[in-house]
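Below is one structure, written out as structure tokens; comments come after it.
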Amino acid sequence: MDFSRASLDREFPSRLSTVQMNHAAVSPLPARAADALREYADLVSTRGPLAFPELEARVKTLREAGARLLGVTPELGGASSVSIVPNTTYGLALVAGGLDWKPGDVVVTTESEFPANLAPWLDLARFGVEVRRVPTRDGAYRAEEVFAACDERTRLVSLSLVAYHTGFVAPAAEVSAFCRERGIAFGLDAIQAAGAIPVDVAALGADYLSADGHKWMLGPEGCGLFFTTPAFRARLRAPSGWLNLKRTHPTQYELGANPEYAEDATKFEIGALPMPGVFALHASIGLLLGAGLETVGRRIAAVLDPLAEGLPKVGFAPILHGPAVRSGILAARPPAGVDARRAMRHLEGGGIACSARAGFLRLSPHFGNEPEDAERVLGLLAKL
């Protein structure tokens, strides 16, 4: 991919008016995703139902692209293990609603989870399920602390691969190995990881992973990916629906007395898919894969590294979970007397999109950003 300024301006037109440091919230659509939305609209407005083969083909290619992005190998089922879901929460709720729970079962997560990876588990209290939350320090924790929270009653460990507020990267591979030895299911909320850092579900050892497309995958809201291993998928109860039934052809609408649900990832797709999102997310993932996730990571780091170095000089304390920023998120604690929301509004007034989360100023550039964007942020914060 061409990373010249002119090329980046064409692909990311929002650059012309705003410094985008808020991809951990909602990313502006790249030009090719907006073009894909128009392509979908043109197809259905000019061809109507006759466009079905093209729509079906785009669903197939999105699954394939999603499998590549998430590292879903043929051994894990490849594209047949990738469901298209409306959001991260939906995928996590499929797990919460799909397992057979017993009173006394335990779910382990952390105290720093986004509500999407907490509410579905707390709802299981009606079945007598206990939720244990591992304490964190600015979102960080050690794998051993997760181990200590588990016992013989633990059925599931569900973590955010990247913490939404501080960017801490979970010790997922260590935790999954621990869980696998003990027959504990292990899953990930990966919305703050997929598209920003390389994600390899095989290496991570996840039984499931859920991620909406509107953050680092650069897609629209309302369309995401949900991965399940074949073995874990077989354990999950299918949600009630009709499109997720076994069918001999796409237009089979007659049901027998005891219809069976699909065994592949379509098991969780209960009705019509969000086709505009399918088109746009497919285009956005293609952009990421074309750029290369390693290159994406280097370009993000080229913005975050000078921010991490410069923030202390303007009174902000960056939250670093190691020698370098490892995710796409850099959080900073404001100086005494300065509220994070005040800092956010100050930057917004200067044309910089950012967030305030859990008392931190959160900065989250993507590969369309450039190092001079960091200079602009620091220059404005110096005037706060």
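Backbone amide hydrogens, once placed in the peptide plane, bring ALA317 within less than 5 Å of ARG333, excluding anything fewer than 5 places away on its chain. Descending by average beta-carbon neighbour count within 10 Å, the peptides 250-259, 52-61 line up as 52-61, 250-259, the highest first. Of all complete DSSP H helices in the chain, those with a Cα span along the helix axis of 18 Å or greater and a mean Kyte-Doolittle hydropathy of 0.0 or more are 275-291, 293-310. If R0 equals 45 Å, the separation of the Cβ atoms of GLU260 and ALA336 corresponds to a calculated FRET efficiency of about 0.10. The trypsin sites (Lys or Arg not before Pro) of the stretch 157-253 that meet both conditions, a loop assignment by DSSP and at most 14 other Cβ atoms within 10 Å of the site Cβ, are ARG237, LYS246. Listed values for the stretch 231-245 are Karplus-derived 3J(HN,Hα) couplings in whole Hz (6.51 cos²θ - 1.76 cosθ + 1.60, θ = phi - 60°), namely 5, 5, 4, 5, 7, 8, 5, 6, x, 5, x, 10, 6, 8, 7, and x replaces Gly and Pro. What does the C-alpha gyration tensor say about the overall shape of the chain? Classify as rounded when a/c is under 1.5, otherwise prolate if a/b is larger than b/c, or oblate. Oblate. Modelled label positions at GLU309 and SER17, each set 7 Å beyond Cα in the direction of Cβ, lie 3.4 nm from each other. Once you order the gyration tensor axes a ≥ b ≥ c over the Cα atoms, which shape class does the stretch 82-133 get: rounded for a/c under 1.5, otherwise prolate or oblate by comparing a/b with b/c? In terms of gyration-tensor shape, oblate. Estimated from helical segments only, the mean residue ellipticity of the chain at 222 nm is -11000 deg cm²/dmol, where each DSSP H run of four or more residues counts as -39500 (n - 2.57). Counting only DSSP beta bridges with both residues in the chain, the antiparallel share comes to about 50 percent. Taking a ≥ b ≥ c as the square roots of the eigenvalues of the Cα gyration tensor, the stretch 214-254 is oblate, since a/c reaches 1.5 or more and a/b is not larger than b/c. Out of every Cα-Cα pair that the stretch 300-384 contains, those further apart than 16 angstrom amount to 44 percent.
The simple spin-label model puts a point 7 Å past each Cα toward its Cβ; for PHE127 and TRP242 those points are separated by 2.8 nm. Residue by residue, the stretch 17-22 carries 3J(HN,Hα) couplings of 10, 9, 7, 8, 10, 9 Hz when phi is fed to the Karplus relation 6.51 cos²θ - 1.76 cosθ + 1.60 (θ = phi - 60°); x denotes Gly or Pro. 3J(HN,Hα) couplings calculated from phi for the stretch 201-212 with the Karplus curve 6.51 cos²θ - 1.76 cosθ + 1.60 (θ = phi - 60°) are, in sequence order, 5, 5, 5, 6, x, 7, 6, 8, 8, 10, 7, 6 Hz; Gly and Pro show x. Calculated on the alpha-carbon coordinates, the convex hull of the stretch 10-81 measures out at 127 cubic angstrom per residue.
Every number in this text was worked out from the coordinates using simple rules, so none of it is lab data. Note that the structure is a prediction, hence the values are computed from the model and not measured. Quick reminder, even Gly has a Cβ in these numbers, built from the backbone with ideal geometry, and neighbours come from all protein chains shown.
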